[in-house]
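Every read-out reported here was derived from the displayed coordinates using simple, explicitly stated rules and does not represent laboratory data. Note that the structure is a prediction, hence the values are computed from the model and not measured. Glycine also receives a Cβ, built like all others from the backbone with ideal geometry; neighbour counts cover every protein chain displayed.
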Amino acid sequence: MIPASFDYSRPSSLEEALAVLGDAGEEAKVLAGGQSLLPLLRLRLAYPTTLIDIGRVAELRGIADHGDHVFIGAMTTHHEVVRSPVVNEHCPLVALATATVADRAVRHRGTFGGSLAHADPAGDLPSVALALDMDLVVRSSSGERVIPAADFFVDYLEPALEPGEILVGARVPKLGPGWGFHYEKFHRTAQAWATVGVAAAVRRSNGTVAEARIALTNMGPTPIRAVAVEAAVRGAAADRNGALREAAEQAAEGTDPPGDLHARPDYRAHLSRVLTHRALLAACAV
Amino acid sequence: MPRITVKVDDITYEEDVEPRTLLVHFLRDRLGKTGTPIGCDTSNCGSCTVLMDGRSVKSCSVLAVQADESEIVTIEGLASDGNWHPMQRAFHEEHALQCGYCTPGMILAAIDLLNDDPDPSDEAIRQGLEGNLCRCTGYCNIVRAVRRGAEEMGVTSR
């Protein structure tokens with residue numbers, strides 16, 4: 001299938017990209033790796049007038065260690081994220097979840113920032129951004145602003161980006177020693193989107209859970225924090241004797257899971273409980 | 001109309017392309033490289049996999065303009081001096097195909113996998129080829145072929 005016609009622009013700097021975006025009007029779309037956008041164009045589910053390809057904007061690519069956080073540039077590919085020693089050492093949850101995105105060929109093209117800005121609740125990285133309280137850095141021709149992940153995912157496929165803004169990357173806080181991580185994903189086939197996914201970061205202390213951050217993939221129009229589980233699991237014994245299972249029973253509280261060909265909402269609710277339990281066990285390494 | 005310069009199977013082409021032209025259509029319809037088939041056209045099946053600057057990509061999910069200044073290798077560019085690439089030979093010898101539709105993508109995805117992991121386990125091969133679907137073989141012979149191809153490529157590079 002062939003996309004509808006569009007104008008194409010390939011700026012070579014962020015400044016140029018912002019200028020082009022500012023001039024192009026609201027029907028323009030920013031093209032990152034294209035692994036979500038190009039299928040939408042082929043199916044003619046999207047009709048941008050202009051595609052602004054930021055694939056050659058070198059300053060948007062790369063990973064940097066900034067002491068208390070790691071900055072991941074928006075155009076860093078999934079493949080680069082998975083292989084980054086800095087990400088694996090300081091933000092292992094990002095590496096774990098990114099390794100489950102689609103397949104190798106898609107990870108070679110698909111980008112970290114593209115999957116956040118696409119704001120698909122079935123994508124793996126939005127829930128990770130939420131669980132880790134990432135700060136998303138966006139730029140427009142009038143300057144820079146920082147949006148906490150909790151405010152970034154407004155609705156289905158709708159990020160908190162204003163017209164003229166481009167996501168330039170995310171600050172990923174480093175969580176210190178004592179934290180364990182896991183991304184648990186259930187999907188129908190190897191490369192399919194998550195039916196439900198659970199991103200978990202857990203800090204243990206003296207055999208109990210001191211603190212947990214849990215976010216759910218595909219349990220509503222946006223990724224969502226499992227706040228009831230986070231509260232219930234505080235102080236729970238970090239072992240296999242049932243306390244983690246009991247806390248995980250709260251996983252579907254406050255969610256609004258979609259129903260589709262592959263899963264009804266009640267099945268997704270069930271999955272969220274089972275997968276949260278598994279994610280807690282794995283993050284606690286028990 | 002943008003003009004792109006792209007090297008495909010060792011030949012450099014300069015072509016005017018409509019921005020909406022997909023790389024797979026450029027390869028097949030403009031350059032006549034029909035060795036790269038279109039399978040699902042929804043980025044699921046992997047049969048249109050090619051190497052772009054040494055990395056596997058699904059050519060139905062890349063615009064030709066995005067491939068400007070890059071180097072593409074298709075299934076048609078693997079043999080040299082009339083000799084098949086070791087991975088092509090391994091697929092033949094291990095009966096890793098029936099209808100052959102997925103084979104170009106499988107072979108290029110396998111070669112890409114070996115760039116990162118020259119001696120993959122069966123599990124790593126299955127994971128590494130998760131983006132390539134075969135509806136005939138049940139995959140067992142494909143996994144065997146990739147292992148054999150890996151062994152032979154190892155011998156070649158030594």
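If we count every other residue with Cβ under 12 angstrom of A:Asp256's Cβ, Lys/Arg +1 and Asp/Glu -1, where does the sum land? Display every interim value, and only then the final one.
Numbers: positive: A:Arg268; negative: A:Asp155, A:Glu253.
Spelling it out: positives minus negatives among the neighbours equals -1.
Over the range B:1-57, all Cα pairs binned in 5 Å intervals from 0 give whole-percent P(r) values of 4, 17, 28, 29, 17, 6, 0, listed from short to long. Shielding of peptide A:99-112 by partners, expressed as the average count of other chain Cβ atoms within 10 Å per residue Cβ, is 6. Using the Karplus relation 6.51 cos²θ - 1.76 cosθ + 1.60 with θ = phi - 60°, the per-residue 3J(HN,Hα) values for the range A:267-278 come to 5, 4, 4, 4, 4, 4, 5, 5, 6, 5, 4, 4 Hz, with x marking Gly and Pro.
Determine the shielding of peptide B:35-44 by partner chains: average, over its residues, the number of Cβ atoms on other chains within 10 angstrom of each Cβ.
Numbers: counts 0, 0, 0, 1, 0, 0, 5, 4, 12, 6.
Mean partner shielding for this stretch: 3.
Note on B:124-136: average number of Cβ atoms from other chains within 10 Å of each residue's Cβ is 3. All other residues whose Cβ lies under 13 angstrom from that of B:Gly39 are scored, Lys and Arg at +1 and Asp and Glu at -1, for a net of +2. Here the Karplus relation 6.51 cos²θ - 1.76 cosθ + 1.60, evaluated at θ = phi - 60°, turns the backbone of the range A:53-70 into coupling constants of 7, 9, x, 10, 8, 4, 5, 8, 10, x, 10, 10, 8, 10, x, 8, 8, 10 Hz, with x for every Gly and Pro. Over the C-alpha trace of the range B:86-157, radius of gyration and Dmax come out as 10.7, 32 angstrom. Treating cross-link reach as a plain straight distance, find the lysines whose alpha-carbon is under 29 Å from the alpha-carbon of A:Lys29, omitting any fewer than eight places away in the same chain. Answer for A:Lys29, where 29 Å is the Cα cut-off: B:Lys7, B:Lys58, listed by chain and number.
What does the charge count near A:Met75 come to, summing +1 for each Lys or Arg and -1 for each Asp or Glu among other residues with Cβ under 12 Å from its Cβ?
Numbers: positive: A:Arg56, A:Arg61, A:Arg109; negative: A:Asp53, A:Glu59, A:Glu80.
It works out to a net charge of 0.
Counting pairs of Cα atoms in the range A:7-52, how many percent are more than 11 Å apart? Across the range A:7-52, Cα pairs with separations above 11 Å total 66 percent. Computed over chain A, relative contact order equals 15 percent, with contacts defined as Cα pairs under 8 Å that lie 6+ residues apart.
From the alpha carbon centroid of the range B:83-116 to that of the range A:174-226 is 37 Å. Note on A:Ala237 and A:Tyr267: with the Förster distance fixed at 45 Å, the Cβ-Cβ geometry gives a FRET efficiency of about 0.95.
Quick check on chain A: helices-only [θ] at 222 nm, where DSSP H runs of length 4 and up contribute -39,500 (n - 2.57) each and the sum goes over total residues. Nearest 500, please.
-8500 deg cm²/dmol
Centre-to-centre separation between the Cα atoms of the range A:114-128 and those of the range A:26-82: 12 Å.
With an 8 Å Cα cut-off and a minimum separation of 6 or more residues, compute the relative contact order for the range A:28-107 in percent. Before the final figure, lay out the partial values.
Values: 88 pairs, mean separation 18.0, N = 80.
Relative contact order comes out at 22 percent.
When you count the other C-beta atoms within 10 angstrom of each residue and take the mean per peptide, A:238-250, A:58-70 line up highest first as A:238-250, A:58-70. Each of B:Glu18, A:Glu230, A:Glu158 was scored by other Cβ atoms within 10 Å of its Cβ. Listed from fewest to most, they are A:Glu158, B:Glu18, A:Glu230. Report the Stokes-Einstein translational diffusion coefficient (µm² s⁻¹, integer) for chain B, Rh taken as the Kirkwood radius over Cα pairs, at 20 °C with viscosity 1.002 mPa s. Diffusion coefficient, whole number: 136 µm²/s.
GNM remark for chain A: springs join alpha carbons under 10 Å apart, and the peak mean-square fluctuation among A:Gly110, A:Gly197, A:Gly143 falls on A:Gly143.
Starting from the Cα-Cα distance between B:Asp119 and B:Thr5, subtract it from 0.36 nm times their residue separation and give me the gain in nm to one decimal. Mind dumping the intermediate values first?
On the way: separation 114, 0.36 × 114 = 41.04 nm, distance 3.50 nm.
In short, 37.5 nm is gained.
Taking other C-beta atoms within 10 Å as the exposure proxy, A:Arg188, B:Arg55 rank A:Arg188, B:Arg55 from fewest upward.
Over the range A:57-191, what is the percentage of antiparallel beta bridges among all DSSP beta bridges, to the nearest 5? Please list the in-between numbers first.
Values: 22 of 22 bridges.
Of the beta bridges lying entirely in the range A:57-191, close to 100 percent run antiparallel.
3J(HN,Hα) along the range A:255-260, derived from phi through the Karplus expression 6.51 cos²θ - 1.76 cosθ + 1.60 where θ = phi - 60°, amounts to 9, 9, x, x, x, 8 Hz, with x in place of Gly and Pro. Label-to-label distance, A:Ser141 versus B:Glu15, with points set 7 angstrom from Cα along the beta-carbon direction: 3.5 nm.
Please report the relative contact order for the range B:86-157, taking Cα pairs under 8 Å with a sequence separation of at least 6, and give it as a percent rounded to a whole number.
On the way: 79 pairs, mean separation 37.8, N = 72.
Reported as a whole number, the value is 52 percent.
Mind running the shape call on the protein assembly as shown? Use the C-alpha gyration tensor, a ≥ b ≥ c as the square roots of the eigenvalues: rounded below 1.5 for a/c, prolate if a/b tops b/c, oblate otherwise. Oblate shape, in that a/c is at least 1.5 and b/c is the bigger or equal ratio.
Could you list the square roots of 5 times each eigenvalue of the Cα gyration tensor of the range A:73-140, that is, the equivalent ellipsoid semi-axes, sorted largest first and rounded to whole Å? The partial results should precede the final answer.
Values: eigenvalues 52, 41, 30 Å².
Over the Cα atoms of the range A:73-140, the semi-axes work out to 16, 14, 12 Å.
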